[in-house]
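One structure below.
The values are calculated or read from the model by the stated rules, or taken from the named source; none is laboratory data. Because the structure is a prediction, the values reported are computed rather than measured. Don't worry about glycine lacking a Cβ; one is built from the backbone with ideal geometry, like all the others, and counts go over all protein chains shown.
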Amino acid sequence: MLSNGKKMASVSDMYDVGWEEMRDKLRKWREDNCRNSEQIVDVGDELISEHSSKLGDDVWIIYEQVMIAALDCSRDDLALTCLQELRKQFPDSHRVKRLSGMRLEALERYDEANKHYDAILQDDPTNTAARKRKISILKAQGKSAEAIRELNEYLEQFVGDQEAWHELSELYINEHDYGKAAFCLEELMMTNPHNHLYCEQYAEVKYTQGGLENLELSRKYFAQALRLNNRNMRALFGLYMSASHIAASPKVSAKVKKDNMKYAAWAAAQINRAYKLAGHGTKESKCSMKAVEEMLESMQITMS
Amino acid sequence: MADPELLLDSSIRMWVVLPIVFITFFVGIIRHYVTQLLHSDKKVDMEQVSDSQVLLRSRILRENGKYIPRQSFAMRKHFFNDAETGFFKKAKRKVVAKNPMTDTSMLTDMMKGNLTNVLPMIVIGGWINWAFSGFVITKVPFPLTLRFKPMLQRGIDLLSLDASWVSSASWYFLNVFGLRSMYSLILGQDNAADQSRVMQDQMTGAAMAMPPDPNKAFKSEWEALEIVEHKWALENVEEELMSRDLNFGPIFSQDLKCAMF
């Protein structure tokens, strides 16, 4: 595993932390659902190889977390060790069965993995985790149409599963079916009205769909995303783009044109301000401000 | 009526009051663990899960529908409430009356519940009544009427004794309810030693997570959704946003550090 017989610096040495801080960091990553698999593998590997006795009952959930991260980083050896420990401790658990299915997926043995999940579902038809893994297998195999169909059926029964709605919206975006993707994002916006990212994604989908009505909607939702989080630069640029796009369209009335030009001007001013703040203290601020203005100019939509 | 200030023997406190507290406490803890051992997994019905989620979605539509465009809201409302094809109109669930006598799983659950909760209470209450009879334990801090005397002063036949003086059996019952907060401190929330909650459950009847009649729930949800109107929250969002400069906060003032710890 380690070449030249050199011992790699351990995480605790590099950052000067004790095992409790490492365990707490892992818990924070677990609660926030972060996918920083390499960091999890580094921290978790050291934690379980050297401090497993001190962790008590926490060790099992750390095994699960490290195993999934190890599969993400192709560390099959580490994943297998974690899985074996879990299997020894919880021999009949569906949760552990799902993990062995995931390992088979990582090794691309999809048929065996499917058998695992079918066995879980036979025992417990309401097990959502196994159904979602089956859909991921379809996605991994590239069968997006089937994956979409299965996910739709799943969502018909479990209408409240937000993770699934988000996944479905991504699948639809990949298939360029923006109308249906917008529907999924609307579900997410309803259940999480204060999440600015869903508003922004919805606005982007509407912008991509095109057409005057959709552009108006996208401008509104970019504005909403900005209202929820003033720092969302992507939404700020989106607001600028959608407002200038509407203003440049030949079919709009004079009042709408004037309003949208006002919005676009405001957005441009805010962008300038943001770059000015970012360039504070650096010597190139004058040049970069000019670059920003030129960028904004070039982004103007010219309708033929 | 004169209030005889009785002076109780301090050995009563040592040998009666405290032992009863300990007995109640430990019996409660034992009950909690025994319930956990005998606990059988509740089989959850797929349709119930799905129905409860649908009702949740409808409720969210009512509450947060103002965040999505008018047409989308109308589309979803139509899906739920349309006279012919609406979900709440079409879905008719078979209502299985859960008769406690015939439904085996509920019967065993009830028996287990009785065994672990009611039986110890009766046994220990009776033992305490027999073992610690013939004297008063303590005085409740508020005055009670004479009607309470036969209940709270078992085994003592003194007509002139104030009803505030109680015997051991009532002290036991006081403990059973009073130690509830102690249990939640030690055993965590939702523990099986919580007897009063068990009795509350029995009183509210067969009230499970989903009301036994989903059809009624659907009907009430249909009515609630009918009257909801769509008032778009984004009507004036641009004006509100542009009334002042954006607050970028501190993110541009320094380099963001992305270290692990």
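Could you count how many residues in the range A:202-214 are in contact with a helix residue (DSSP H, G or I) (Cβ under 8 Å, 6 or more places away or on another chain) and either within 13 Å of another protein chain (Cβ to nearest Cβ) or touching a residue at least 60 places away in the same chain (Cβ under 8 Å) (or both)? Total satisfying the criteria: 6. Here residue A:240 meets the list (1) closer than 17 Å to residue A:291 by Cα; (2) crowded, with 23+ Cβ neighbours inside 10 Å; (3) within 9 Å of another protein chain (Cβ to nearest Cβ) almost entirely, failing just condition (3).
Selection of first residues in the range B:212-240 that are farther than 18 Å from residue B:53 by Cα and of second residues that are of a type in the set (S, T, N, Q), restricted to Cβ pairs under 7 Å at least 6 apart or on distinct chains, gives the following pairs, ordered by first then second residue: B:226/B:81; B:234/A:224; B:237/A:224. The residues listed here are A:99, A:78, A:107; of these, the one that is surrounded by 15 or more Cβ atoms within 10 Å (Cβ to Cβ) and more than 23 Å from the chain's Cα centre (by Cα) is A:78.
Of the conditions (1) under 24 Å from residue A:73 (Cα atoms); (2) not in a helix (DSSP H, G or I), residue A:159 satisfies every one except a single condition; which number is it? Failing condition for residue A:159: (1).
For the range B:120-151, filtered to residues that are assigned to a loop (DSSP other than H, G, I, E, B) and hydrophobic (A, V, I, L, M, F, W, C), the residue that is surrounded by the fewest Cβ atoms within 10 Å (Cβ to Cβ) is B:142.
For residue A:68, indicate whether it is among the β-branched types (Val, Ile, Thr), over 20 Å from residue B:261 (Cα atoms) and either part of a helix (DSSP H, G or I) or touching a Ser or Thr at 6+ places or on another chain (Cβ under 9 Å) (or both).
So residue A:68 fits the description; yes.
Out of the residues in the range A:260-295 that are part of a helix (DSSP H, G or I) and among the basic types (Lys, Arg), state the one that is modelled with the highest pLDDT. Looking at the filtered set, the residue picked out is A:262. The residue of the range B:57-81 that is farthest from the other protein chains (Cβ to nearest Cβ), among those that are among the aliphatic types (A, V, I, L, M) and assigned to a helix (DSSP H, G or I), is B:74. Pairing residues of the range B:70-82 that are more than 12 Å from residue B:230 (Cα to Cα) with residues that are buried (at least 20 other Cβ atoms within 10 Å of the Cβ) and among the aromatic types (Phe, Trp, Tyr), at Cβ distances under 7 Å and at least 6 apart in sequence or on separate chains, gives B:80/B:88; B:81/B:88.
Taken over the range A:175-201, the residue count meeting the criterion of being more than 10 Å from chain B (Cβ to nearest Cβ), surrounded by fewer than 20 Cβ atoms within 10 Å (Cβ to Cβ) and without any contact (Cβ under 8 Å) to a residue 24 or more places away in the chain is 3. Here residue A:122 clears all of (1) under 20 Å from residue B:49 (Cα atoms); (2) surrounded by 14 or more Cβ atoms within 10 Å (Cβ to Cβ) except the condition numbered (2).
Of the residues in the range B:42-56, none is farther than 22 Å from residue B:216 by Cβ and either small (Gly, Ala, Ser) or more than 14 Å from chain A (Cβ to nearest Cβ) (or both).
Cβ-Cβ distances below 6 Å connect the following pairs, each with a first residue in the range A:59-85 that is in contact (Cβ under 8 Å) with a residue 12 or more places away in the chain, a second residue that is surrounded by fewer than 16 Cβ atoms within 10 Å (Cβ to Cβ) and of a type in the set (Lys, Arg), and a separation of six or more residues or different chains: A:65/A:30.
With respect to (1) outside any helix (DSSP H, G or I); (2) closer than 24 Å to residue A:175 by Cα; (3) among the basic types (Lys, Arg), the lone exception for residue A:231 is condition (2). The residues in the range A:41-60 that are out of contact with any helix residue (DSSP H, G or I) (no Cβ under 7 Å at 6 or more places or on another chain) and of a type in the set (A, V, I, L, M, F, W, C) can be counted, and the count is 0.
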